[in-house]
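Okay, so here's the structure we're looking at.
The values are calculated or read from the model by the stated rules, or taken from the named source; none is laboratory data. These numbers were taken from a predicted model, which means no experiment stands behind them. Virtual Cβ from ideal backbone geometry, glycine too; neighbours counted across all protein chains shown. Heavy atoms of the whole protein, side chains included, go into the accessibility calculation; ligands, DNA and RNA do not. Shrake-Rupley method; radii C 1.70, N 1.55, O 1.52, S 1.80 Å.
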Amino acid sequence: EATRAERRDLAGKHIVVTAGGTREPLDPVRYLGNRSSGKQGVAVAQAARQRGAEVVLIAAHLDIPAPDDVEVRSVSTARELQRAVTEEAATADIVVMTAAVADFRPASTSTSKIKKEKVGDSYQLSLVANPDILAELSAGKRADQVVVGFAAETESDPQALLELGRRKLERKGCDYLVINNVGWKTGFSTDENEVVVLDSRGRIVMEASGSKASVADRILDVITSA
Ligand code: CTP
Ligand code: CA
């Protein structure tokens, strides 16, 4: 068996990976965010690079450094991520959406710090939906392009988790959906992951658990074997 360093099965491929979590500003000093660390996305970018791909990492507030030998585009909000990934997807063979994209953003962003004296004892936040980037990429993809989504769910029952994943797959229309269970202590900030991968018809094509690096390699195996 070839070692990871020797396996150049992605040479000539252009892969775009989104990673991390977007932040939606409320005012110059505050934002709505999430707990995604970016570790699984960084692991996918690194594994793809090691296998010879040309990698662009679209990075939204990573907790860890990006690999040195990949091109990094830093973004903050969902709409910035949308613009970057749409541009990069035009020339990509594979798009992997590991980023945790904020579903909603504040309906307005204050240009100065929101003052509690002005707001009073309670404060209603008004939010509007962000674009569903994965659904848009899937709808607009070329026939030879592979689009991969990630679904982070807080559902510990395996059957219910699969059901959620299949419904999400239908809404997104991606080629593969990587489902993982996240909670207060699992999934986002850890170095290990446990995933189930569905193909576009909702069939289980892979199950893996282990380091995020090994899970990344298994995901790339699935994509390249198609
Ligand atoms: N995603 C996206 N654009 C959004 C929200 C999510 O592209 N506005 C992508 C994520 O990058 C991920 C996939 O869609 O690859 C699934 O994200 P997830 O949050 O699990 O799904 P949602 O459809 O947002 O459903 P919910 O949060 O209600 O579970
Ligand atoms: Ca979401």
Sole miss for ALA102 among (1) within 16 Å of ligand 2 (Cβ to nearest atom); (2) touching a Gly at 6+ places or on another chain (Cβ under 7 Å); (3) among the small types (Gly, Ala, Ser) is condition (2)
Expected output for segment 93-118 (first residue more than 21 Å from ASP132 (Cβ to Cβ) and free of Cβ contacts under 8 Å to residues at least 40 places away in the same chain, partner in a loop (DSSP other than H, G, I, E, B) and more than 16 Å from ligand 2 (Cβ to nearest atom), Cβ below 8 Å, 6+ apart or cross-chain) is SER108/SER126
If you go through SER209, SER126, SER200, the only one that is open to solvent by 50 Å² or more (accessible area, probe 1.4 Å) and either out of contact with any helix residue (DSSP H, G or I) (no Cβ under 9 Å at 6 or more places or on another chain) or acidic (Asp, Glu) (or both) is SER126
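Look at THR224 and say whether it is farther than 29 Å from ARG79 by Cα and open to solvent by 50 Å² or more (accessible area, probe 1.4 Å).
yes
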If we keep only residues of segment 129-174 that are within 17 Å of ALA100 (Cα to Cα) and open to solvent by 70 Å² or more (accessible area, probe 1.4 Å), then the residue farthest from ligand 2 (Cβ to nearest atom) is GLU136
